[in-house]
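Asker: Sharing a structure with you now.
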Amino acid sequence: MIEKMERNVRVYNRFRFSQNMLIIGPVLVPYMIFKGLSYSEIMLLQSISAISVVLFEVPTGSLADRISRKFSLVISSLIMGVGLSMYIFMNGFAAFAIAEVLFGLGLTFSSGADSAILYESLSRIDRKGDYSNIEAASMSYIFVGQAVGSIASGFLYSLSPYIPFWISVAMLFLSGIFSLMFVEPPERMKSRQSYLVHIVRCFNTAFHKPRVRWAMYFAALMGVMLRATFWLYEPYFKLINLDVAFYGVVFAVFNLVSAFSSRYMVKAVESVRPRKVLIALGFMISGAYLLPLLFRGFFSIVLLLPGQLVRGMYTPVVRFYVNNQVEDSFRATMLSIVSLSANLSFSIFSPLIGAGLDGIGTVPVYLTMGVTAAVVNLSLLQLRRVNKRKGAVTGGA
């Protein structure tokens with residue numbers, strides 16, 4: 001049993017790397033513009049993607065809890081691969097909307113299930129305390145891989161806009177092969193309740209347990225602020241007249257910074273209470289929007305780096321925080337509920353961001369995002385203090 005659980009950890013790293021090794025990042029916005037979309041349509045597509053995740057997140061998380069983590073991970077990569085393939089073969093907003101729904105559905109099958117199978121495998125071999133560092137190391141490999149892929153994608157895109165997409169689709173199907181190698185953790189307590197009862201109990205816990213509820217609020221903030229950074233880089237690059245040929249190099253630097261953050265900064269703060277770390281990340285993401293407005297030129301790209309530090313640390317810290325609050329039978333569903341909060345907020349605000357870019361421009365949008373992030377994060381800090389005063393939160397929060 002120990003050998004199988006140790007193998008799960010190794011397979012997890014391979015699965016996560018291949019599923020996230022999508023090298024289309026630096027060229028995705030130019031590709032969509034090449035396909036004839038406006039900024040408003042691009043952000044509306046992201047809203048559709050987020051809404052699809054909202055709709056599917058909890059049902060697929062429940063499937064992982066009640067049936068099989070492994071099945072969820074296998075089907076995840078297959079559906080994501082089909083969705084991404086549509087970007088190659090299809091044209092037009094309607095076709096891309098269907099592709100986003102499929103990609104979102106595939107994403108929800110792995111959201112929560114991957115983290116749950118890692119956490120439970122480690123708990124069976126008394127290595128639960130290693131979770132954050134293993135998750136962080138896994139993400140650092142992803143970021144390094146994406147750094148190399150980012151440089152390559154720019155040159156490959158110049159040869160043909162479709163090559164980076166073909167490579168990314170191949171990596172998704174490779175992750176499907178790796179997912180077949182997982183072994184379900186033994187003696188896992190599965191929910192024996194009906195689907196409806198299981199879902200109601202999970203939502204009841206999420207809204208009545210202060211720590212989980214706080215995590216949902218924070219995820220809602222980061223769902224908008226952290227995800228939007230990716231879509232706002234290209235308008236900023238245009239603002240400073242950065243040639244598209246350098247997009248891949250810049251994204252490579254971004255990924256290397258995120259890799260450093262995930263690999264070393266997570267470990268450096270492992271003795272700090274997770275919610276304190278998350279609050280610090282909230283202020284850093286605010287700075288990622290405000291600092292680039294102080295100076296606008298080629299070297300102002302450096303001022304975007306706080307966002308990459310947040311990107312590297314956020315997932316390992318928030319997942320560890322939530323995993324520690326829930327039991328096996330509800331773990332994947334609870335992680336999905338927290339993720340649902342992030343996707344719901346993004347689905348609501350991403351069309352507004354796109355409309356803002358088309359209507360008022362890049363600088364006002366960056367300013368609004370930075371100020372909003374700071375205000376909401378201050379509110380969450382105050383909520384944490386209120387909970388502590390009431391005695392609602394005790395222990396290692």
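The values are calculated or read from the model by the stated rules, or taken from the named source; none is laboratory data. This one's a predicted model, so the numbers in the text were calculated from it and none came from an experiment. Here the Cβ is made from the backbone with ideal geometry for all residues, glycine too, and neighbour counts use every protein chain on show. These area figures cover heavy atoms from the full protein model, side chains too; ligands, DNA and RNA do not enter into them. Shrake-Rupley method; radii C 1.70, N 1.55, O 1.52, S 1.80 Å.
Asker: So is TYR157 open to solvent by 20 Å² or more (accessible area, probe 1.4 Å), in a helix (DSSP H, G or I), within 30 Å of VAL317 (Cβ to Cβ) and in contact with a helix residue (DSSP H, G or I) (Cβ under 7 Å, 6 or more places away or on another chain) or not?
Answerer: In short, no.
Asker: Taking into account only those residues within segment 200-221 that are charged (D, E, K, R) and assigned to a helix (DSSP H, G or I), which is surrounded by the most Cβ atoms within 10 Å (Cβ to Cβ)?
Answerer: ARG211
Asker: How many of the residues making up segment 266-283 are crowded, with 19+ Cβ neighbours inside 10 Å, more than 15 Å from VAL375 (Cβ to Cβ) and of a type outside the set (Lys, Arg)? Lay out the reasoning, then the answer.
Answerer: Here is the first cut: in segment 266-283, the residues crowded, with 19+ Cβ neighbours inside 10 Å are 266, 274-275, 277-278, 281-282.
Still in the running and more than 15 Å from VAL375 (Cβ to Cβ): 266, 274-275, 277-278, 281.
From the residues that got through so far, the ones that are of a type outside the set (Lys, Arg) too are 266, 274, 277-278, 281.
The qualifying residues number 5.
Asker: Here's another thing I want to ask about it. Any chance segment 319-329 includes a residue that's at negative phi and at pLDDT 85 or above?
Answerer: Looking for residues that are at negative phi and at pLDDT 85 or above, one finds none in segment 319-329, hence no.
Asker: Only one of these conditions is not met by SER77: (1) polar (S, T, N, Q); (2) at pLDDT 90 or above; (3) surrounded by fewer than 22 Cβ atoms within 10 Å (Cβ to Cβ). Which number is it?
Answerer: In the conditions (1) polar (S, T, N, Q); (2) at pLDDT 90 or above; (3) surrounded by fewer than 22 Cβ atoms within 10 Å (Cβ to Cβ), SER77 misses (3) alone.
Asker: Of everything in segment 173-199 that's in a helix (DSSP H, G or I) and closer than 20 Å to ALA116 by Cα, which residue is modelled with the lowest pLDDT?
Answerer: Across segment 173-199, the extreme among qualifying residues is TYR195.
Asker: When you scan segment 43-86, how many residues do you find that are within 17 Å of the chain's Cα centre (by Cα) and either assigned to a loop (DSSP other than H, G, I, E, B) or among the small types (Gly, Ala, Ser) (or both)?
Answerer: Total meeting the criteria: 7.
Asker: Please go through segment 116-141 and pick out each residue that is under 30 Å from VAL27 (Cβ atoms) and open to solvent by 10 Å² or more (accessible area, probe 1.4 Å).
Answerer: Correct list: ALA137, MET139, TYR141.
Asker: If you don't mind, another one. If you go through segment 121-136, how many residues are assigned to a helix (DSSP H, G or I), at pLDDT 85 or above and not polar (S, T, N, Q)? Please lay out each step first, then the result.
Answerer: Restricting attention to segment 121-136, the residues satisfying the condition of being assigned to a helix (DSSP H, G or I) are 121-124, 128-136.
Subsequent filtering for residues that are at pLDDT 85 or above retains 121-124, 134.
Remaining after also requiring not polar (S, T, N, Q): 122, 124, 134.
Counting residues in segment 121-136 that are assigned to a helix (DSSP H, G or I), at pLDDT 85 or above and not polar (S, T, N, Q) gives 3.
Asker: Let me ask something else. Quick one: ILE23 ticks every box in (1) touching a Gly at 6+ places or on another chain (Cβ under 7 Å); (2) outside any loop (DSSP other than H, G, I, E, B); (3) among the aliphatic types (A, V, I, L, M) except a single one, so which number is it?
Answerer: (2)
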